[in-house]
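Enquirer: Mind having a look at this structure? Questions to follow.
The values are calculated or read from the model by the stated rules, or taken from the named source; none is laboratory data. Values in this document were obtained by computation on a predicted structure and should not be read as measured data. Cβ placement follows ideal geometry from the backbone for every residue including glycine, while neighbour counts extend to all protein chains displayed. For accessibility, only protein heavy atoms count, side chains too; no ligands or nucleic acids. Shrake-Rupley method; radii C 1.70, N 1.55, O 1.52, S 1.80 Å.
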Amino acid sequence: QVQLVESGGGLVQPGGSLRLSCAVSGSIFSFDRMGWYRQAPGKQREPVAIITRSGNTGYADSVKGRVTISRDGAKNTVYLQMNSLKPEDTAVYYCNAVLGRHDDWGPGTQVTVSS
């Protein structure tokens, strides 16, 4: 069973930046893709960004241009750099790893954007 542990969340003012990290217990290249999702209060969990094993990336329209997903194979860590944060970015952010039909999720990290 792989373990995913997110970190880097917190309280930030509008316009600020945060970098989230997802530490993986195994090789990040063992998965078909990894990604970040978020869930705001009263809303469904939604995708934010993904990165495939080959390095292709994809972003939700709501964050495109403000968010970058990256990875460090030596550290088995996937990152989410978020800039120009808005109050509507407030949510719990989850790391996700997919292999075939199997999903693994981290416990999440809270991001709050508020003045």
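Enquirer: Can you bin region 39-81 into rounded, prolate or oblate? Criterion: square roots of the alpha carbon gyration tensor eigenvalues sorted a ≥ b ≥ c, rounded for a/c under 1.5, prolate for a/b above b/c, oblate for the rest.
Expert: Prolate is the answer for region 39-81, as a/c is 1.5 or above and a/b outweighs b/c.
Enquirer: Out of the total accessible area of the chain (probe 1.4 Å, heavy atoms of protein only), what percent is carbon and sulfur?
Expert: After summing per-atom areas, the C and S share lands at 47 percent.
Enquirer: If every alpha-carbon in region 48-115 counts as one equal scatterer, what log10 I(q)/I(0) does Debye give at q = 0.14, 0.15, 0.18, 0.20 1/Å?
Expert: Normalising to I(0) and taking log10 leaves -0.47, -0.54, -0.78, -0.95.
Enquirer: Explain nothing, just compute: Karplus ³J(HN,Hα) = 6.51 cos²θ - 1.76 cosθ + 1.60, θ = phi - 60°, for every residue of region 43-51 in order, whole Hz, x for Gly and Pro.
Expert: Result, rounded to whole Hz: 10, 7, 5, 9, x, 10, 7, 9, 9.
Enquirer: I would also like to ask the following. Mind jotting down the distance between the C-alpha centroids of region 48-71 and region 13-42, whole Å?
Expert: Between the Cα centre of region 13-42 and that of region 48-71, the gap is 10 Å.
Enquirer: Leaving out same-chain residues fewer than 8 places away, which lysines sit with a Cα under 25 Å from that of residue 86?
Expert: Counting by Cα, and skipping residues close in sequence, residue 86 has these lysines nearby: 43, 64.
Enquirer: How about residue 75: which aspartates and glutamates have a C-alpha closer than 15 Å to its C-alpha, ignoring those fewer than 8 places off in the same chain?
Expert: Correct list for residue 75: 6.
Enquirer: Another question, then. Hey, rough spin-label estimate for residue 81 and residue 54, points 7 angstrom out along Cα→Cβ, what's it come to in nanometres?
Expert: The modelled label-to-label distance comes out at 2.4 nm.
Enquirer: Another question, then. Taking only Cα atoms and a 10 Å spring cutoff, compute GNM fluctuations for the chain and point out the largest among 101, 38, 66.
Expert: Looking only at 101, 38, 66, the largest GNM fluctuation is found for 101.
Enquirer: Same structure, new question: With point charges of +1 on the Cβ of Lys and Arg and -1 on the Cβ of Asp and Glu, referenced to the Cα centre of the chain, which listed residue (91, 35, 54) lies farthest in the positive direction of the dipole?
Expert: Sorting the options by dipole projection puts first 54.
Enquirer: For the chain, what does the accessible surface come to per residue with a 1.4 Å probe? Please give it in Å².
Expert: 53
Enquirer: Relative contact order for region 57-100: what percent, with Cα pairs under 8 Å and sequence separation of 6 or more?
Expert: Once divided by the residue count of region 57-100, the mean separation gives 27 percent.
Enquirer: Name the most mobile residue of 55, 42, 15, meaning the one with the largest mean-square fluctuation, in a Gaussian network model of the chain with Cα contacts below 10 Å.
Expert: Per the Cα network of the chain with a 10 Å cutoff, 42 tops the list.
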